[in-house]
Amino acid sequence: MQNDFDRFFVLTGGPGSGKTTLIAALRRAGFATSVEAGRGIIRDQSSIGGTALPWSDRTLFAELMLSWEMRSYQNAVEQKGPVFFDRGVPDTLGYLRLSGLPVADHVSTAAKRFRYNPRVFIAPPWPDIFAQDEERKQTPDEAKCTYHALAEIYTELGYELVPLPLAPVETRLRFVLTDAGLN
């Protein structure tokens, strides 16, 4: 892997499609990983009574997501070896578009500047495992729309999408490691 971005692997997709479970399996397998921005921000903002929440202030929520993802990227530069990201900078761009919010120039610039491995793993909608919780309030239809918005953004940015199989986490783990050349 010649550049940092070659060793930075993104897992993206709609909510409730098993991304975070797969990231946890990658972490247990000894790989460096990032924490999903959305859930972290929702937890933090809820704990302090903040308004940067997707149901309160979507624009502020998106700005915090962008900041979080850029910081995760910078932290990954300091790591050795492959790093797996639970979403990436382009997800913020997809979120803004999906929400019908304007995309500021700095968000587009960040999505172009912070590059990842050209192959992006995308988790397709998986109704059998989808569940709502305190932080995930989207419906299955919203999850499907999110998936399509993210697929469009990553494709526009020149990434090749690699759909994850609808399979148990161990199978998904082997699939990702094989596809990434890490097996």
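T92 fulfils the conditions (1) closer than 14 Å to I42 by Cα; (2) among the hydroxyl-bearing types (S, T, Y); (3) assigned to a helix (DSSP H, G or I) except for a single criterion, (1). When Y116 is tested against (1) hydroxyl-bearing (S, T, Y); (2) outside any helix (DSSP H, G or I); (3) within 15 Å of K19 (Cα to Cα), exactly one condition is not met: (3).
Could you look through segment 152-178, keep only residues that are part of a helix (DSSP H, G or I) and touching a residue at least 60 places away in the same chain (Cβ under 8 Å), and pick out the one that is surrounded by the fewest Cβ atoms within 10 Å (Cβ to Cβ)? Among those residues, the one meeting the criterion is E170.
Scan segment 17-51 residue by residue and report those that are in a loop (DSSP other than H, G, I, E, B), hydroxyl-bearing (S, T, Y) and in contact (Cβ under 8 Å) with a residue 60 or more places away in the chain. Scanning segment 17-51 gives a single hit, S17. Of everything listed in (1) exposed (fewer than 15 other Cβ atoms within 10 Å of the Cβ); (2) over 14 Å from the mean Cα position of the chain (by Cα), the single unmet condition for P82 is (1). Y147 fulfils the conditions (1) modelled with pLDDT of 95 or more; (2) touching a Pro at 6+ places or on another chain (Cβ under 8 Å) except for a single criterion, (1).
Residues of segment 6-19 that are more than 13 Å from L164 (Cα to Cα) and surrounded by fewer than 23 Cβ atoms within 10 Å (Cβ to Cβ): D6, R7. Kindly evaluate R115 against the criterion of being basic (K, R) and surrounded by fewer than 16 Cβ atoms within 10 Å (Cβ to Cβ). It is false that R115 is basic (K, R) and surrounded by fewer than 16 Cβ atoms within 10 Å (Cβ to Cβ).
Criterion applied to T109, T139 was being out of contact with any Phe, Trp or Tyr (no Cβ under 8 Å at 6 or more places or on another chain), over 17 Å from A37 (Cα atoms), at pLDDT 95 or above and not basic (K, R), and the one residue passing it is T109.
The values are calculated or read from the model by the stated rules, or taken from the named source; none is laboratory data. A quick note: this is a predicted structure, and the numbers were derived from the prediction, not measured. Virtual Cβ from ideal backbone geometry, glycine too; neighbours counted across all protein chains shown.
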